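See below for the structure under consideration.
The values are calculated or read from the model by the stated rules, or taken from the named source; none is laboratory data. Quantities reported herein were computed from a predicted structural model and do not represent experimental measurements. When we count neighbours, we look across all protein chains shown, and the Cβ atoms used for this are built from the backbone with ideal geometry, even at glycine. Accessible surface areas use protein heavy atoms only, side chains included; no ligands, DNA or RNA. Shrake-Rupley method; radii C 1.70, N 1.55, O 1.52, S 1.80 Å.
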Amino acid sequence: MKKLIILGLFICIVCVAEASKPYQVSGKLKVPSDTLLVISVNTSTGVASKLDTLALQDGTFAFNMPDTTVVYSVGLICKPLAGDVNGLIAAMFNPIRLIVVPGERAVVTGEAGNYQIMGSEFYQNLRSVENQLKSYQQESNRLSSRVAEMEGRGDHVDLINLVRDSLKMVQNEISETVITYIKNNPVKKVSAALISYVVDEKKRTAFDMLDSSIKGGVMATYALTLIKMAEKQMAQKKAAAKIQPGMPAPQFTLKDLHGKDVHLADFRGKYVVLDFWGSWCGWCIKGIPDMKVSYAKHKDKVEFIGIA
(Lines give C-alpha, C1' and ligand atoms only; values in the text may rest on other atoms or scores of the structure.)
Protein backbone atom coordinates (compact mmCIF):
# COMPACT_ATOMS: atom_id res chain seq x y z
CA MET A 1 0.00 0.00 0.00
CA LYS A 2 2.86 2.39 0.87
CA LYS A 3 4.48 1.64 -2.49
CA LEU A 4 1.24 2.54 -4.29
CA ILE A 5 0.92 5.82 -2.35
CA ILE A 6 4.57 6.75 -3.05
CA LEU A 7 4.13 5.87 -6.74
CA GLY A 8 0.95 7.98 -6.88
CA LEU A 9 2.73 10.94 -5.29
CA PHE A 10 5.62 10.58 -7.73
CA ILE A 11 3.25 10.59 -10.74
CA CYS A 12 1.50 13.69 -9.35
CA ILE A 13 4.84 15.48 -8.90
CA VAL A 14 5.88 14.62 -12.48
CA CYS A 15 2.52 15.79 -13.86
CA VAL A 16 2.72 19.07 -11.95
CA ALA A 17 6.29 19.60 -13.14
CA GLU A 18 5.30 18.98 -16.76
CA ALA A 19 2.25 21.23 -16.47
CA SER A 20 4.31 24.05 -14.97
CA LYS A 21 7.04 23.77 -17.61
CA PRO A 22 6.74 26.97 -19.70
CA TYR A 23 5.97 26.73 -23.40
CA GLN A 24 8.45 28.09 -25.94
CA VAL A 25 5.80 30.32 -27.51
CA SER A 26 2.66 31.64 -25.85
CA GLY A 27 0.56 34.75 -25.71
CA LYS A 28 -2.77 36.39 -26.34
CA LEU A 29 -3.84 37.87 -29.66
CA LYS A 30 -6.83 39.79 -30.88
CA VAL A 31 -7.94 37.78 -33.93
CA PRO A 32 -11.18 37.65 -35.99
CA SER A 33 -11.61 33.89 -35.53
CA ASP A 34 -10.60 31.36 -32.88
CA THR A 35 -7.82 29.87 -35.02
CA LEU A 36 -4.14 30.66 -35.44
CA LEU A 37 -2.24 29.26 -38.42
CA VAL A 38 1.39 28.33 -37.77
CA ILE A 39 4.17 27.68 -40.26
CA SER A 40 7.80 27.17 -39.28
CA VAL A 41 11.21 26.49 -40.80
CA ASN A 42 13.81 24.41 -39.01
CA THR A 43 16.92 26.56 -39.57
CA SER A 44 19.21 23.56 -39.05
CA THR A 45 17.69 21.59 -41.93
CA GLY A 46 15.94 24.30 -43.93
CA VAL A 47 12.78 22.18 -43.91
CA ALA A 48 9.46 24.02 -43.64
CA SER A 49 6.59 22.47 -41.73
CA LYS A 50 3.14 22.14 -43.21
CA LEU A 51 0.68 24.86 -42.32
CA ASP A 52 -0.74 23.86 -38.93
CA THR A 53 -3.76 25.12 -37.02
CA LEU A 54 -3.87 26.12 -33.38
CA ALA A 55 -7.12 26.56 -31.50
CA LEU A 56 -7.37 29.74 -29.42
CA GLN A 57 -9.21 30.13 -26.14
CA ASP A 58 -10.24 33.75 -25.75
CA GLY A 59 -7.25 34.64 -27.90
CA THR A 60 -4.72 32.75 -25.78
CA PHE A 61 -2.36 30.09 -27.15
CA ALA A 62 0.80 28.15 -26.25
CA PHE A 63 2.95 25.63 -28.08
CA ASN A 64 6.41 24.07 -28.32
CA MET A 65 8.36 23.45 -31.52
CA PRO A 66 8.72 19.85 -32.81
CA ASP A 67 12.42 19.91 -31.90
CA THR A 68 13.13 22.09 -28.86
CA THR A 69 16.91 21.90 -29.41
CA VAL A 70 17.11 23.91 -32.65
CA VAL A 71 16.22 27.43 -33.80
CA TYR A 72 13.03 27.88 -35.82
CA SER A 73 11.84 30.75 -37.97
CA VAL A 74 8.09 30.98 -37.30
CA GLY A 75 5.15 32.75 -38.87
CA LEU A 76 1.86 33.14 -36.99
CA ILE A 77 -1.12 33.88 -39.23
CA CYS A 78 -4.27 35.27 -37.63
CA LYS A 79 -6.94 33.39 -39.56
CA PRO A 80 -9.91 35.57 -40.56
CA LEU A 81 -13.57 34.56 -40.37
CA ALA A 82 -14.73 31.75 -42.65
CA GLY A 83 -15.32 32.89 -46.20
CA ASP A 84 -13.10 35.97 -46.00
CA VAL A 85 -10.75 35.03 -48.86
CA ASN A 86 -9.22 38.50 -49.18
CA GLY A 87 -8.62 38.59 -45.44
CA LEU A 88 -6.85 35.22 -45.59
CA ILE A 89 -4.59 36.33 -48.46
CA ALA A 90 -3.71 39.54 -46.60
CA ALA A 91 -2.98 37.57 -43.41
CA MET A 92 -0.79 35.06 -45.27
CA PHE A 93 1.38 37.85 -46.68
CA ASN A 94 1.68 39.65 -43.33
CA PRO A 95 2.30 37.03 -40.65
CA ILE A 96 3.60 37.70 -37.16
CA ARG A 97 7.26 36.79 -37.53
CA LEU A 98 9.59 35.54 -34.81
CA ILE A 99 12.47 33.19 -34.25
CA VAL A 100 12.10 30.54 -31.58
CA VAL A 101 15.33 29.83 -29.68
CA PRO A 102 16.01 26.80 -27.45
CA GLY A 103 15.83 27.71 -23.75
CA GLU A 104 14.04 31.01 -24.45
CA ARG A 105 10.33 31.85 -24.08
CA ALA A 106 8.49 34.17 -26.47
CA VAL A 107 5.28 35.89 -25.38
CA VAL A 108 3.29 37.42 -28.26
CA THR A 109 0.52 39.94 -27.65
CA GLY A 110 -1.52 42.44 -29.65
CA GLU A 111 -2.89 41.83 -33.15
CA ALA A 112 -1.58 41.02 -36.62
CA GLY A 113 -0.73 44.57 -37.65
CA ASN A 114 0.40 45.73 -34.22
CA TYR A 115 2.03 43.04 -32.12
CA GLN A 116 4.74 42.85 -29.46
CA ILE A 117 7.12 39.99 -28.70
CA MET A 118 8.33 39.86 -25.12
CA GLY A 119 9.39 37.05 -22.82
CA SER A 120 12.79 35.85 -21.63
CA GLU A 121 16.10 37.72 -21.84
CA PHE A 122 16.70 36.97 -25.54
CA TYR A 123 13.43 38.62 -26.58
CA GLN A 124 13.88 41.51 -24.17
CA ASN A 125 17.29 42.24 -25.72
CA LEU A 126 15.90 41.85 -29.24
CA ARG A 127 13.04 44.23 -28.51
CA SER A 128 15.41 46.80 -27.02
CA VAL A 129 17.60 46.87 -30.15
CA GLU A 130 14.62 46.86 -32.52
CA ASN A 131 13.20 49.86 -30.68
CA GLN A 132 16.48 51.68 -31.39
CA LEU A 133 16.14 50.77 -35.06
CA LYS A 134 12.44 51.60 -35.33
CA SER A 135 12.73 55.06 -36.91
CA TYR A 136 15.40 53.85 -39.35
CA GLN A 137 13.29 50.82 -40.24
CA GLN A 138 10.23 52.97 -40.91
CA GLU A 139 12.26 55.23 -43.22
CA SER A 140 13.70 52.17 -44.96
CA ASN A 141 10.21 50.78 -45.58
CA ARG A 142 9.02 54.17 -46.86
CA LEU A 143 11.89 54.48 -49.32
CA SER A 144 11.49 50.86 -50.47
CA SER A 145 7.81 51.52 -51.22
CA ARG A 146 8.73 54.71 -53.07
CA VAL A 147 11.24 52.88 -55.28
CA ALA A 148 8.59 50.26 -56.12
CA GLU A 149 6.05 52.99 -56.99
CA MET A 150 8.56 54.84 -59.20
CA GLU A 151 9.51 51.65 -61.02
CA GLY A 152 5.83 50.85 -61.51
CA ARG A 153 5.21 54.29 -63.08
CA GLY A 154 8.28 53.96 -65.27
CA ASP A 155 10.03 57.01 -63.80
CA HIS A 156 13.46 57.98 -65.10
CA VAL A 157 16.19 55.64 -63.89
CA ASP A 158 18.30 58.53 -62.55
CA LEU A 159 15.47 59.65 -60.25
CA ILE A 160 14.95 56.08 -59.05
CA ASN A 161 18.67 55.73 -58.34
CA LEU A 162 18.60 58.88 -56.18
CA VAL A 163 15.95 57.28 -53.96
CA ARG A 164 17.90 54.00 -53.98
CA ASP A 165 20.98 55.88 -52.76
CA SER A 166 18.95 57.33 -49.87
CA LEU A 167 17.63 53.86 -49.07
CA LYS A 168 21.15 52.43 -49.04
CA MET A 169 22.27 55.16 -46.62
CA VAL A 170 19.45 54.29 -44.20
CA GLN A 171 20.21 50.57 -44.48
CA ASN A 172 23.86 51.29 -43.73
CA GLU A 173 22.82 53.26 -40.62
CA ILE A 174 20.80 50.24 -39.45
CA SER A 175 23.71 47.93 -40.21
CA GLU A 176 26.31 50.04 -38.36
CA THR A 177 24.04 50.40 -35.31
CA VAL A 178 23.69 46.61 -35.14
CA ILE A 179 27.39 45.97 -35.73
CA THR A 180 28.20 48.28 -32.81
CA TYR A 181 25.79 46.30 -30.61
CA ILE A 182 27.34 42.97 -31.68
CA LYS A 183 30.84 44.30 -31.01
CA ASN A 184 29.81 45.35 -27.50
CA ASN A 185 27.76 42.20 -26.79
CA PRO A 186 29.58 39.26 -28.42
CA VAL A 187 28.40 36.71 -25.83
CA LYS A 188 24.66 37.37 -26.24
CA LYS A 189 22.59 35.01 -28.37
CA VAL A 190 20.60 37.94 -29.69
CA SER A 191 23.74 39.29 -31.40
CA ALA A 192 23.66 36.30 -33.76
CA ALA A 193 19.99 36.92 -34.55
CA LEU A 194 20.66 40.60 -35.29
CA ILE A 195 22.96 39.67 -38.18
CA SER A 196 19.75 39.71 -40.27
CA TYR A 197 19.87 43.55 -40.03
CA VAL A 198 23.47 43.80 -41.24
CA VAL A 199 24.06 44.61 -44.92
CA ASP A 200 25.01 41.54 -46.96
CA GLU A 201 28.66 42.45 -47.53
CA LYS A 202 29.29 42.80 -43.77
CA LYS A 203 27.32 39.81 -42.43
CA ARG A 204 30.32 37.49 -42.20
CA THR A 205 32.42 40.21 -40.54
CA ALA A 206 29.65 40.64 -37.96
CA PHE A 207 29.61 36.87 -37.34
CA ASP A 208 33.37 36.87 -36.77
CA MET A 209 32.85 39.39 -33.93
CA LEU A 210 30.79 36.86 -31.95
CA ASP A 211 32.26 34.99 -29.00
CA SER A 212 33.24 31.36 -29.60
CA SER A 213 30.44 30.25 -27.26
CA ILE A 214 27.90 31.79 -29.66
CA LYS A 215 29.68 30.61 -32.82
CA GLY A 216 29.54 27.07 -31.46
CA GLY A 217 26.09 27.39 -29.85
CA VAL A 218 22.47 26.96 -30.92
CA MET A 219 22.41 30.27 -32.84
CA ALA A 220 25.35 29.40 -35.10
CA THR A 221 23.36 27.57 -37.79
CA TYR A 222 20.79 30.36 -37.95
CA ALA A 223 23.48 33.03 -38.39
CA LEU A 224 25.44 31.00 -40.93
CA THR A 225 22.28 30.42 -42.95
CA LEU A 226 21.79 34.20 -43.13
CA ILE A 227 25.39 34.59 -44.30
CA LYS A 228 25.11 31.90 -46.98
CA MET A 229 21.93 33.50 -48.32
CA ALA A 230 23.63 36.90 -48.41
CA GLU A 231 26.71 35.55 -50.20
CA LYS A 232 24.50 33.82 -52.74
CA GLN A 233 22.60 37.06 -53.41
CA MET A 234 25.86 38.98 -53.81
CA ALA A 235 27.12 36.38 -56.30
CA GLN A 236 23.86 36.67 -58.24
CA LYS A 237 24.14 40.47 -58.36
CA LYS A 238 27.74 40.20 -59.55
CA ALA A 239 26.70 37.78 -62.28
CA ALA A 240 23.72 39.96 -63.25
CA ALA A 241 26.03 42.95 -63.72
CA LYS A 242 27.79 40.97 -66.46
CA ILE A 243 24.54 40.23 -68.30
CA GLN A 244 23.83 43.46 -70.14
CA PRO A 245 22.64 44.19 -73.69
CA GLY A 246 25.54 43.87 -76.13
CA MET A 247 27.68 41.76 -73.79
CA PRO A 248 28.50 38.07 -74.45
CA ALA A 249 26.17 35.70 -72.64
CA PRO A 250 27.84 33.80 -69.78
CA GLN A 251 28.60 30.16 -70.50
CA PHE A 252 26.61 27.45 -68.73
CA THR A 253 26.19 23.70 -68.68
CA LEU A 254 22.86 22.02 -67.89
CA LYS A 255 21.44 18.51 -68.20
CA ASP A 256 18.90 17.75 -70.94
CA LEU A 257 15.92 15.40 -70.60
CA HIS A 258 18.21 12.42 -71.17
CA GLY A 259 20.79 13.48 -68.59
CA LYS A 260 23.29 14.64 -71.22
CA ASP A 261 25.32 17.82 -70.65
CA VAL A 262 24.29 20.73 -72.85
CA HIS A 263 26.70 23.66 -73.19
CA LEU A 264 25.74 27.09 -74.48
CA ALA A 265 28.97 27.01 -76.47
CA ASP A 266 27.59 24.04 -78.45
CA PHE A 267 25.35 26.48 -80.34
CA ARG A 268 28.02 29.03 -81.26
CA GLY A 269 27.29 30.57 -84.66
CA LYS A 270 23.52 30.54 -84.21
CA TYR A 271 21.07 32.92 -82.60
CA VAL A 272 20.03 31.31 -79.31
CA VAL A 273 16.69 31.95 -77.60
CA LEU A 274 16.69 30.97 -73.91
CA ASP A 275 13.13 30.28 -72.76
CA PHE A 276 12.87 30.15 -68.95
CA TRP A 277 9.57 28.46 -68.06
CA GLY A 278 7.78 26.38 -65.43
CA SER A 279 5.11 23.69 -65.58
CA TRP A 280 3.00 25.86 -63.23
CA CYS A 281 3.07 28.80 -65.71
CA GLY A 282 0.03 28.71 -68.02
CA TRP A 283 1.32 31.43 -70.33
CA CYS A 284 4.65 29.62 -70.67
CA ILE A 285 2.90 26.45 -71.83
CA LYS A 286 0.68 28.45 -74.17
CA GLY A 287 3.72 29.83 -76.01
CA ILE A 288 5.38 26.48 -76.71
CA PRO A 289 3.41 25.64 -79.93
CA ASP A 290 4.38 29.02 -81.45
CA MET A 291 8.03 28.39 -80.61
CA LYS A 292 7.85 25.02 -82.37
CA VAL A 293 6.53 26.75 -85.48
CA SER A 294 9.31 29.35 -85.31
CA TYR A 295 11.93 26.67 -84.81
CA ALA A 296 10.73 24.68 -87.83
CA LYS A 297 10.96 27.84 -89.94
CA HIS A 298 14.35 29.15 -88.71
CA LYS A 299 16.18 26.08 -87.35
CA ASP A 300 19.17 26.67 -89.66
CA LYS A 301 19.91 29.97 -87.91
CA VAL A 302 18.11 29.86 -84.54
CA GLU A 303 18.20 27.45 -81.61
CA PHE A 304 15.56 27.43 -78.87
CA ILE A 305 16.64 26.20 -75.43
CA GLY A 306 13.92 25.69 -72.85
CA ILE A 307 15.14 25.92 -69.24
CA ALA A 308 12.60 24.67 -66.69
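Annotations for the structure displayed:
- Straight-line cross-link partners of residue 242 among the aspartates and glutamates, defined as a Cα under 18 Å from its Cα and at least 8 positions apart when in the same chain: 231.
- On the basis of the beta-carbon distance and an R0 of 35 Å, residue 283 and residue 23 show a calculated FRET efficiency of 0.15.
- Selected from 109, 40, 304, residue furthest toward positive end of dipole (the chain; charges at beta carbon): 304
- Taking every alpha-carbon pair under 8 Å whose residues sit at least 6 apart, the chain reaches a relative contact order of 11 percent.
- Rounded accessible area of residue 201 (nearest 10 Å², 1.4 Å probe): 110
- Of the cross-linked pairs 260/297; 28/203; 232/255, those separated by over 29 Å at the C-alpha level are 28/203.
- Taking region 168-260 and dividing mean pair separation by its residue count, relative contact order in percent (alpha carbons under 8 Å, at least six apart): 24
- Listed by chain and number, the aspartates and glutamates whose C-alpha is less than 13 Å from the C-alpha of residue 237, apart from same-chain residues fewer than 8 away, are 200, 201.
- Between the beta carbons of residue 187 and residue 58, assuming R0 = 51 Å, the FRET efficiency works out to 0.80 to the nearest 0.05.
- Segment residue 238-residue 166, extension gain: residue separation times 0.36 nm, minus the distance between their alpha carbons: 23.8 nm
- Gained length - residue 48 relative to residue 294, 0.36 nm times residue gap less alpha-carbon distance: 84.4 nm
- Cα Rg, Dmax (largest Cα-Cα span) when computed across the chain, Å: 26.0, 95
- Stretching the chain fully between residue 120 and residue 158 yields a gain of 9.0 nm (0.36 nm per residue, less the alpha carbon separation).
- Here region 57-169 has 50 percent of its accessible surface on carbon and sulfur atoms, given a 1.4 Å probe and all protein chains in place.
- Relative to the Cα centre, the charge distribution of the chain, modelled as +1 at Lys and Arg Cβ and -1 at Asp and Glu Cβ, gives a dipole magnitude of about 520 debye.
- The residues of the chain expose on average 66 square angstrom of accessible surface per residue, using a 1.4 Å probe on protein heavy atoms.
- Relative packing of 154-160, 223-229, 141-147, which averages over residues the other C-beta atoms within 10 Å, highest first: 223-229, 141-147, 154-160
- In this view, the solvent-accessible surface of residue 67, computed with a 1.4 Å probe and all protein chains in place, comes to about 60 Å².
- When the residues 51, 167, 194 are ordered by accessible surface, computed with a 1.4 Å probe over the protein chains alone, the sequence from largest down reads 51, 167, 194.
- Dividing the mean sequence gap of close Cα pairs (under 8 Å, 6+ apart) by how many residues region 121-183 holds gives a relative contact order of 43 percent.
- Kirkwood Rh and Cα Rg combined as Rg/Rh, region 216-308: 1.12
- Residues in region 207-226 that a label on residue 180 would reach, taking backbone N under 19 Å of a point 7 Å out along Cα→Cβ: 207, 209-210
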